[in-house]
């Protein structure tokens, strides 16, 4: 029996059905003819609602189907699946009657390995992380007071409206420059790279927002491009990524200088609000005003102190004249005292000098007597010296060798100059030198006696 025959039997022939009646009938038919089955597929477009229910698409290479897992069963799963992850689910086939779409109502879920796209994502993430592109030390600081903000996204993207709305609300004074690029599809990576290069070349913004709304892993795949990741890492301008929802992660998020959970959050992170700036300006004005007031007060005190010490020129001249008169009197008195002291000292020295001068007449008499005595002593000394000289000359003549030789004596010397005093000191035939009173001659020893 076919499903069509079952439906025809349960519905009265010839009756006209409403859409609700049709969907109800189809829903009962699906629930009665499809028992719970295990199905393998890849998670896509995963969303966790505020109620705790999970909504996602289960797909393979050829087809996809919507699925729901209610909070009670989701809380018992033990993990939160991510887009791109491969899972096995035990599900019933049901119909969502409000839209007439059939769906899988998940009863159980378990991991079944990773999907191909997610595996590629993890492999690229690991390689770039090993190269240091995710290193927090290499992240550039995001200025809180940019002169302009650049936005890279699609012109038709809802993310653009969210960003512009947030910036208009927070900082309407900051210019926003758009660098349009496709954010989904095969051409998205190249267009995103060109937009980023254009922003760096023009150097007209201080921060770049790279944003787009949420989507499946396929929709966000352009932001997992390796070349784009390297361009973001080498960008001269800090890059803030706001791609997808809070649970979505792309390679661009990891290499960016700052990751925001949503495009709106990215806009809120890149600049201070107008109210904050006004408050800061107000505080600065108050601080400057206080400093200026305190400075004026200190200067006023200085003026008061200076005015208290200020003297009129006439009073100052009178004071100087009085001081000059006093100094003149002191100078006169001091000079007189010094002059009198000098005169008194001179008189004392003169008196002392007169007492110390010797009697000249007595000294002259003593000098004359001493001169006469000196002359007498000199004459007597000369006479005595002459007598001693004559005696010494006579004694010298008596002891002189020449005088002795003149009496017939001779001096005998050996050839080496030594004087011969012992006859035994010579040999027969030895030459000698004999000196007599009027000369010398050589002699030879003929015999020794």
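What follows is calculated from the coordinates using simple rules that are stated; it is not laboratory data. It should be emphasised that the depicted structure is a prediction, and the values quoted were computed from it without experimental measurement. Because the Cβ atoms are built from the backbone with ideal geometry, glycine has one as well, and the counts that use them run over all protein chains shown.
Divide by every residue of the chain the summed helix terms, -39500 (n - 2.57) for each DSSP H run of at least 4, and state the resulting mean residue ellipticity at 222 nm, rounded to the nearest 500 deg cm²/dmol. Walk me through the numbers on the way to the answer.
Values: 13 runs with 218 residues, N = 449.
-16000 deg cm²/dmol, from helical runs alone.
For the pair residue 197 and residue 19, what calculated FRET efficiency results from E = 1/(1 + (r/R0)^6), where r is the Cβ-Cβ distance and R0 = 35 Å, to the nearest 0.05? Kindly include the intermediate steps, with their values, before the conclusion.
Details: r = 53 Å, r/R0 = 1.51.
Once the sixth-power term is evaluated, E becomes 0.10.
Obtain the nm distance between the two label points defined at residue 285 and residue 337 by a simple spin-label model: each point lies 7 Å from its Cα along the Cα-to-C-beta direction.
Those two pseudo-labels are separated by 7.2 nm.
Kindly identify the chain as rounded, prolate or oblate by the Cα gyration tensor criterion: order the square roots of the eigenvalues as a ≥ b ≥ c, call it rounded if a/c is under 1.5, otherwise compare a/b with b/c, prolate if a/b is larger, else oblate.
Cα axes put the chain in the oblate bin.
Between residue 96 and residue 435, what is the label-point separation in nm under the 7 Å Cα-to-beta-carbon projection?
16.0 nm
Can you give the relative contact order of the chain as a percent, counting alpha carbon pairs under 8 Å and 6+ residues apart?
9 percent
Compute the length gained on full extension between residue 372 and residue 38: take 0.36 nm times their separation in residues and subtract their Cα-Cα distance, giving the result in nm to one decimal.
On the way: separation 334, 0.36 × 334 = 120.24 nm, distance 16.54 nm.
Between residue 372 and residue 38, full extension yields an extra 103.7 nm.
Taking the highest mean first, how do the peptides 264-274, 282-292 order by number of other beta carbon atoms within 10 angstrom per residue?
264-274, 282-292
Does anything in the range 326-345 have its amide N under 15 Å from the 7 Å Cα→Cβ label point of residue 351, and if so which residues?
The answer is 341-345, whose backbone nitrogens lie closer than 15 Å to the label point.
What angle do you read, to the nearest 10 degrees and between 0 and 90, between the alpha-carbon axis of helix 313-356 and the longest principal axis of the chain?
20 degrees
Once R0 is set to 25 Å, what does the formula 1/(1 + (r/R0)^6) return for the Cβ-Cβ distance between residue 88 and residue 127, expressed as a FRET efficiency to the nearest 0.05?
Calculated value: 0.30.
Can you tell me the order of 90-96, 413-419 when each peptide is scored by its average per-residue count of other Cβ atoms within 10 angstrom, highest first?
Ranked by mean Cβ neighbours within 10 Å, highest first: 90-96, 413-419.
Taking the Kirkwood radius as the inverse of the mean 1/r across Cα pairs, report the Rg/Rh of the range 3-117.
Details: Rg = 16.2 Å, Rh = 15.4 Å.
Taking Rh as the inverse mean 1/r over Cα pairs, Rg/Rh reads 1.05.
Connecting C-alpha atoms closer than 10 Å in a GNM of the chain, tell me which of 320, 191, 350 has the biggest fluctuation.
350
How high is the FRET efficiency from residue 445 to residue 399, r the C-beta distance, R0 30 Å, rounded to 0.05? Working shown, then result.
Working: r = 30 Å, r/R0 = 0.99.
According to the calculation, E is roughly 0.50.
For the range 404-444, take every pair of Cα atoms, bin their distances at 5 Å starting from 0, and report each bin as a whole percent.
In order of increasing distance, the bins hold 6, 23, 33, 23, 11, 4 percent.
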